[in-house]
Amino acid sequence: MKRITALTYLLALLPGITAAAESPALHKDLAASLALLGQPCARVVSAATQGDRDYLVACSDGHRYRVYVNTQGRVTAEKL
């Protein structure tokens, strides 16, 4: 599990992120977050909202992650 504080700002700047769980912009942002966290993901194909800034992400290469902001305010990705 890796954490990057700067990604918190990325997610905080995106208005309506929870309302548009299947938007192309959200897929790009989640893919960028995973890349910055060093997690492999060829392309985000789906993102299901689990709550405020908490997503289940499926990638085209078969990888699956939970991407969320933890209690310290850092974006975290857990491999599922």
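Rule-based calculations on the coordinates, nothing more; no lab input. Everything numeric here is computed off the predicted structure, so don't read it as measured data. Glycine gets a Cβ as well: all are built from the backbone with ideal geometry, and neighbour counts include every protein chain shown.
Counted by neighbouring Cβ atoms within 10 Å, the residues Leu26, Leu56, Leu80 run from fewest to most as Leu80, Leu56, Leu26. By the count of neighbouring beta-carbon atoms within 10 Å, fewest first, Asp29, Asp54 end up ordered Asp54, Asp29. Residue order for Cys41, Cys59, fewest other beta carbons within 10 angstrom first, comes to Cys59, Cys41.
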